[in-house]
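The values are calculated or read from the model by the stated rules, or taken from the named source; none is laboratory data. Keep in mind it's a predicted model, so treat the numbers as computed, not measured. Here the Cβ positions follow ideal geometry from the backbone for every residue, glycine too, while neighbour counts run over all protein chains shown. Note: accessible area is taken over every heavy atom of the protein model, side chains too, but ligands, DNA and RNA are not part of it. Shrake-Rupley method; radii C 1.70, N 1.55, O 1.52, S 1.80 Å.
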Amino acid sequence: MNSILIVDDTAFTRRVLRNIFETLGLHVVAEAASGEEAVRNYCLYKPSLVTMDITMPGMNGLTASRKIMELDKDAKIIICSAVSRNDTVIKAIQAGARDFIAKPLQLERIEWAVQKLLGAGVDDRCGDRQEKQIAEVLA
């Protein structure tokens, strides 16, 4: 089963992402509120996918992404950030991110990115989802 590590310093964003991943049938193995915690949790849980915010206290998401990539060159990291200038996106890709999702988060965009990176292991529930569930997840 594919596993997810959610990294964001905002509890609300972590909750939104957890709800989205659970709606997609994915297992969230851990959450982290800082880059240091992200690297530690990556080593502990070896998740299939990491979502990473950029702006966090202490070690930022770009540095944490580079450190994770040093540990595992095959790590799959998606940057989820409100800072979406071209230079930031380029820095994220250079740090090892496989995708960049601008906040505010959208279910369909996250689903597309996860499908692209994890492929057939993702439980595709598009046809079964209710509009009400989507509204609740993104609220």
> Just wondering, is there one or more residues in segment 33-55 that are within 19 Å of K116 (Cα to Cα) and assigned to a helix (DSSP H, G or I)?
Replying inline: no
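If only one of I90, I77, I68 is in contact with a Ser or Thr (Cβ under 9 Å, 6 or more places away or on another chain) and among the β-branched types (V, I, T), which one is it?
Values: I90 fails: in contact with a Ser or Thr (Cβ under 9 Å, 6 or more places away or on another chain); I68 fails: in contact with a Ser or Thr (Cβ under 9 Å, 6 or more places away or on another chain).
Only one candidate qualifies: I77.
What number of residues within segment 1-44 satisfy the criterion of being among the small types (G, A, S) and either open to solvent by less than 10 Å² (accessible area, probe 1.4 Å) or under 19 Å from D74 (Cβ atoms) (or both)? Break it down stepwise before answering.
Of the residues in segment 1-44, the ones among the small types (G, A, S) are 3, 11, 25, 30, 32-35, 38.
Those still in the list that are either open to solvent by less than 10 Å² (accessible area, probe 1.4 Å) or under 19 Å from D74 (Cβ atoms) (or both) too: 3, 30, 32, 35, 38.
Matching residues across segment 1-44 total 5.
Return a yes/no flag: does segment 27-36 have any residue that is among the charged types (D, E, K, R) and on the phi < 0 side of the Ramachandran plot.
Step one: of segment 27-36, the residues among the charged types (D, E, K, R) are 31, 36.
If we keep only those that are on the phi < 0 side of the Ramachandran plot too, we end up with 31, 36.
Yes, because at least one residue in segment 27-36 is among the charged types (D, E, K, R) and on the phi < 0 side of the Ramachandran plot.
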